[in-house]
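Novice: Can you keep this structure in mind? I'll have questions shortly.
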Amino acid sequence: MKAHQKMLIGIVAGAVTGLTVNAVATAIARKAAGIAEGPVPADVIAQHAPWLPWTVDNVASPLGQIFIRLLLMLVVPMLFSALVVGVAELDLKQVGRLGARTLGYTIVFSAISVLIGLLLVNAVQPGAGLSDEARALARGAATVKAAPPPEATSFGAVLVSMVPTNPLKAAAEGDFIGLIVFSLIFGMGLALTQGEPALRLKEIIQGLYDVMMKLIDGVLRLAPFGVAALLYAMTARLGLGILAQLAAYVATVLLALGIHMFVVYSLSVRFLGGRNPLQFFRDIRLVMATAFSTASSSATLPTALKVAEENLKLPRNVSRFVLTAGSAMNQNGTALFEGVTVLFLAQVYGVPLSLPDQGLIMFICILAGIGTAGVPAGSIPVIAMILGMFKIPVEGLGLILGVDRFLDMCRTTLNVTGDLAAAVYVARGEPLDRPAGEGAADPSAS
């Protein structure tokens, strides 16, 4: 059985088990507390069915988090080695061309994604007529710390912040843009340096990349169990009740994500990448399953690099450059989600937003999509910042925090799909293939 099939089985098994357990615990709590109808509060379920939160907090959640942490553990050495060797194998003129094409693709398709989201949320109006029960979910929600507003930092200061003073500190703090800049500079320096020591260093870094790929194979063998644990933890805690309360909002986000993934990216792969979209989606099934289960673009990067080389057969110098940069900057799904959520909460609280206001929100979401951390719930502080800018009650985030994990899984799937679609587009315009005899991946390797 293939890896993506095992992972899908884990997703289904974890979700079904979690929903079943949640239904049983809710029924027990409803009977014990005498609640005839309506949602059963989480604290009531915990009081009358304490075994449910215990299994989530002490069994399922730790197992799922270990799986994600194993993937994240490999990201920094994988990102560094992939970019350094990829850039070192390029003609330095290619670096600027690849960077310009990748950035241009990211900006254009981020704008398209946010525009799709804003058009749908204005057409569907999911926040209008929301039930009182759903609004009650926002009361007492945990405070979310907002990201700093964009006006607080000049454009020049943003450029300066992209260059780390300490690359090890940048890696430790998850500053992937800073790590990418350092890796690019290091790779260019390695490409310019002649002599046997530099060649040996390049071979050592290539060896580091090969080791990371082998470790990824091992971690992916654990994926079905980690994925099942993650899905169990989410569905057992939430059940289907909260999805029903926010059905219009969830449906709007999913429809927008679906249009961008299966329509916009299919057109991109066909006309910009020159490939069959159906074959493209078949080739990246493992990446999509990994992204959906981990809800982290960063954690999915190792799998994306593996699939790009072995399934899509992209030149490794191009795929390493585009995918590592894209994991930090090409967050189309995140940008779309942020725009839809801000307008949804504005509708809930009756805050009018003019076309210029929505245009500004669209611009901020595009920038935020480039700079948002590729980790679970990384977009929530950005949304809190935008809400504060437009005088929309920030406590409204309590409405969507319950369904955010599920939507995070969906938008992360779009993010990594966009990274691979960008790599296909950029690779088509590059005449050079991977250098012969320099560690090219063996397509027959397992």
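The values are calculated or read from the model by the stated rules, or taken from the named source; none is laboratory data. This one's a predicted model, so the numbers in the text were calculated from it and none came from an experiment. Glycine also receives a Cβ, built like all others from the backbone with ideal geometry; neighbour counts cover every protein chain displayed. To get the accessible areas, we keep the full protein, side chains included, count just its heavy atoms, and leave off ligands, DNA and RNA. Shrake-Rupley method; radii C 1.70, N 1.55, O 1.52, S 1.80 Å.
Novice: Tell me whether segment 221-234 contains one or more residues that are closer than 16 Å to Ile11 by Cβ and hydroxyl-bearing (Ser, Thr, Tyr).
Specialist: Yes, segment 221-234 has at least one match.
Novice: Scanning for something open to solvent by less than 40 Å² (accessible area, probe 1.4 Å), modelled with pLDDT under 90 and among the aliphatic types (A, V, I, L, M), does segment 163-176 turn up at least one residue?
Specialist: Scanning segment 163-176, I find at least one residue that is open to solvent by less than 40 Å² (accessible area, probe 1.4 Å), modelled with pLDDT under 90 and among the aliphatic types (A, V, I, L, M), so the answer is yes.
Novice: I need every pair where a residue in segment 415-431 that is at negative phi and crowded, with 24+ Cβ neighbours inside 10 Å has its Cβ under 6 Å from the Cβ of a residue that is among the basic types (Lys, Arg) and part of a helix (DSSP H, G or I), sequence separation at least 6 or different chains.
Specialist: From residues that are at negative phi and crowded, with 24+ Cβ neighbours inside 10 Å, the pairs are Val426/Arg101.
Novice: Here's a check for you: in segment 81-94, which residue that is part of a helix (DSSP H, G or I) and open to solvent by 20 Å² or more (accessible area, probe 1.4 Å) is farthest from Met213 (Cα to Cα)?
Specialist: In this case the residue turns out to be Lys93.
Novice: On to the next question. Could you tell me which of the residues Phe280, Phe262, Phe321, Phe271 is open to solvent by less than 10 Å² (accessible area, probe 1.4 Å), over 26 Å from Gly64 (Cβ atoms) and either touching a strand residue (DSSP E or B) at 6+ places or on another chain (Cβ under 8 Å) or part of a helix (DSSP H, G or I) (or both)?
Specialist: Phe280
Novice: Within segment 283-318, can you find the residues that are part of a helix (DSSP H, G or I) and either among the charged types (D, E, K, R) or within 17 Å of Val87 (Cα to Cα) (or both)?
Specialist: Once the filter is applied, which keeps residues that are part of a helix (DSSP H, G or I) and either among the charged types (D, E, K, R) or within 17 Å of Val87 (Cα to Cα) (or both), segment 283-318 yields Asp283, Arg285, Leu305, Lys306, Ala308, Glu309, Glu310, Arg316, Asn317, Val318.
Novice: Still on this structure, I have one more. Sort out which residues of segment 283-308 are closer than 17 Å to Gln65 by Cβ and open to solvent by 10 Å² or more (accessible area, probe 1.4 Å), and write them in order of number.
Specialist: Phe292
Novice: Can you tell me which of (1) in contact with a helix residue (DSSP H, G or I) (Cβ under 7 Å, 6 or more places away or on another chain); (2) at pLDDT below 70; (3) over 30 Å from Gly96 (Cβ atoms) is the one Thr372 doesn't meet?
Specialist: (3)
Novice: Just to be sure, is Val322 more than 15 Å from the chain's Cα centre (by Cα) and β-branched (Val, Ile, Thr)?
Specialist: Against the criterion (more than 15 Å from the chain's Cα centre (by Cα) and β-branched (Val, Ile, Thr)), Val322 qualifies.
Novice: Follow-up. Which number in (1) more than 20 Å from the chain's Cα centre (by Cα); (2) open to solvent by less than 60 Å² (accessible area, probe 1.4 Å) marks the one condition that Val227 misses?
Specialist: All conditions pass for Val227, except number (1).
Novice: Right, next: Go through (1) in a helix (DSSP H, G or I); (2) open to solvent by less than 80 Å² (accessible area, probe 1.4 Å); (3) without any contact (Cβ under 8 Å) to a residue 60 or more places away in the chain one by one and return the number of the condition Met73 breaks.
Specialist: Exception for Met73: condition (2).
Novice: Turning to a different aspect of this structure: Quick one: is Val40 part of a helix (DSSP H, G or I) and either of a type in the set (Asp, Glu) or open to solvent by less than 30 Å² (accessible area, probe 1.4 Å) (or both)?
Specialist: Against the criterion (part of a helix (DSSP H, G or I) and either of a type in the set (Asp, Glu) or open to solvent by less than 30 Å² (accessible area, probe 1.4 Å) (or both)), Val40 does not qualify.
Novice: Further question on the same structure: When both residues are 6+ apart or on different chains and their Cβ atoms are under 6 Å apart, which pairs have a first residue that lies in segment 101-118 and is of a type outside the set (S, T, N, Q), and a second that is outside any helix (DSSP H, G or I) and open to solvent by less than 20 Å² (accessible area, probe 1.4 Å)?
Specialist: The qualifying pairs do not exist here.
Novice: Separate question: Modelled with pLDDT under 90 and under 30 Å from Ile284 (Cα atoms), is that true of Val40?
Specialist: no
Novice: Further, regarding this structure: In segment 50-61, how many residues are in contact (Cβ under 8 Å) with a residue 40 or more places away in the chain and not hydroxyl-bearing (Ser, Thr, Tyr)?
Specialist: 5
Novice: For segment 43-64, give me the residue count where each residue is of a type in the set (S, T, N, Q), more than 13 Å from Ile28 (Cα to Cα) and surrounded by fewer than 15 Cβ atoms within 10 Å (Cβ to Cβ).
Specialist: Residues meeting the conditions: 1.
Novice: While we're on this one: So which residues in segment 390-405 are in contact with a helix residue (DSSP H, G or I) (Cβ under 8 Å, 6 or more places away or on another chain) and part of a helix (DSSP H, G or I)?
Specialist: Scanning segment 390-405 gives Val394, Gly396, Leu397, Leu399, Ile400, Leu401, Gly402, Val403, Asp404, Arg405.
Novice: Here's something else I'd like to know. Would you be able to say whether some residue in segment 186-204 is closer than 22 Å to Thr300 by Cβ and touching a residue at least 12 places away in the same chain (Cβ under 8 Å)?
Specialist: For segment 186-204, residues closer than 22 Å to Thr300 by Cβ and touching a residue at least 12 places away in the same chain (Cβ under 8 Å): absent.
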